[in-house]
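The structure appears below as structure tokens.
The values are calculated or read from the model by the stated rules, or taken from the named source; none is laboratory data. From a predicted model like this one, the values you see are computed outputs, not experimental measurements. With ideal geometry, Cβ positions are generated from the backbone for all residues, glycine too; neighbour counts draw on all protein chains shown. Remember, those area values only see protein heavy atoms, side chains included, never the ligands or the DNA or RNA. Shrake-Rupley method; radii C 1.70, N 1.55, O 1.52, S 1.80 Å.
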Amino acid sequence: MSLPPVIAIDGPTASGKGTVASLVAQQLGFHYLDSGALYRLVALASEKHGIEVKNGPELGLLVPKLLISFKNSQIFLDGEDVSEAIRTENIGLRASALAIHPEVRLALVDLQHSFRQFPGLVADGRDMASVIFPDAVLKVFLTATASARAERRYKQLIAKGISAKLEDLLQDLQERDARDSSRGAAPLMIADGAKVLETSDLSIDQAVREVLDWYQSAIT
Ligand code: CDP
């Protein structure tokens, strides 16, 4: 029997891929993998365990020891609800710093593959199309200009009651873009065969509609 279909949605930070990916999954009744959350979990756990972000081998050994579970939109680490704790800018930067290590990336592969279940999966991240699900039936590279992304992130944080400065966010995301794109292991890139969706001037609904249309065309 063939494997469940995968829609891979990759893109830079704050491109809106998480929102679009989860809505596409909802519309299709598919499972959803937020792979960035896994790197954020490792960031949080390593901070708690006092492991430095530059220590790839030790971080790689930490991953299999973590008890990670997802329930609806909540994420648990060793039984504790960390859904909010992993969303800070600090944890995002830490995640991006430790995501450069092949040991960390390798340790997360099986866990990511385990999300591939019927009737299908929408997976978002940086290397969903290039490394984790190279046989995805649809590959989307979702992006927007740096200023549009900084503004979106700003609104997100303010809506959550978290104070933020637009200039700082812009600088953080440019730093993260540079690191995610230039690293040796699974860099952020437009995978072979991926369709590029520029969302600076698109609403969430329009972006979701486009991905659903592409998916219909891909399977017919
Ligand atoms: O929310 P945002 O797009 O800023 O980040 P995220 O998707 O939650 O991912 C946090 C960090 O994890 C990113 O900056 C990447 O460095 C890393 N990551 C990765 O290397 N590979 C993935 N498949 C997903 C995230």
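Numerical summary
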{"read-out": "Net charge dipole size for the chain [Lys, Arg +1 and Asp, Glu -1 on Cβ; Debye, nearest 20]", "value": "120"}
{"read-out": "Contact order normalised by residue count of the chain, Cα under 8 Å, 6+ apart, percent", "value": "34"}
{"read-out": "Candidates Val109, Val208, Val24: whichever shows maximal mean-square fluctuation once the chain is modelled as a Gaussian network with Cα springs under 10 Å", "value": "Val109"}
{"read-out": "Selected from Ala191, Ala178, Ala146 as most flexible by GNM, with the chain as the system and alpha-carbon contacts under 10 Å", "value": "Ala178"}
{"read-out": "Rg in Å to one decimal, and Dmax rounded to a whole Å, for segment 53-104 via C-alpha atoms", "value": "11.9, 32"}
{"read-out": "Cβ-based charge dipole, segment 53-116, positive-most Cα from Phe70, His113, Ile86", "value": "His113"}
{"read-out": "Solvent-accessible ranking of His31, His101, His49, largest area first, probe 1.4 Å", "value": "His49, His31, His101"}
{"read-out": "Carbon and sulfur %, accessible surface of the chain computed with the full protein complex present, 1.4 Å", "value": "54"}
{"read-out": "Candidates per GluC sites (Glu not before Pro) in segment 81-173, loop by DSSP, up to 14 other Cβ within 10 Å", "value": "Glu84"}
{"read-out": "Accessible area expressed per residue, the chain, with surrounding protein chains retained (probe 1.4 Å, Å²)", "value": "49"}
{"read-out": "Segment 109-220, relative contact order [Cα under 8 Å, separation at least 6], %", "value": "36"}
{"read-out": "Computed [θ] at 222 nm, helices only, for the chain once each DSSP H run of length n ≥ 4 contributes -39500 (n - 2.57)", "value": "-14000 deg cm²/dmol"}
{"read-out": "Taking the C-alpha atoms of segment 119-163, convex hull volume expressed per residue in Å³", "value": "113"}
{"read-out": "Residue of Ser130, Ser46, Ser73 that the Gaussian network model of the chain assigns the largest fluctuation, springs spanning Cα pairs under 10 Å", "value": "Ser73"}
{"read-out": "Mean projected area (nm²) of the alpha-carbon convex hull when segment 6-219 is viewed from all directions", "value": "11.1"}
{"read-out": "Within the chain, longest stretch clear of exposed trypsin sites (Lys or Arg not before Pro) (DSSP loop, no more than 16 other Cβ within 10 Å)", "value": "55-159"}
{"read-out": "Relative contact order of segment 1-81, pairs being alpha-carbon contacts under 8 Å that are 6 or more residues apart, as %", "value": "13"}
{"read-out": "Alpha-carbon centroid distance for the pair segment 158-220 / segment 54-106, whole angstrom", "value": "20"}
{"read-out": "For a label point 7 Å along the Cα-to-beta-carbon line of Glu84, residues of segment 19-40 with backbone N under 20 Å", "value": "37-38, 40"}
{"read-out": "Theoretical FRET efficiency, 1/(1+(r/R0)^6), r = Cβ-Cβ of Ile158 and Ser73, R0 22 Å, to 0.05", "value": "0.60"}
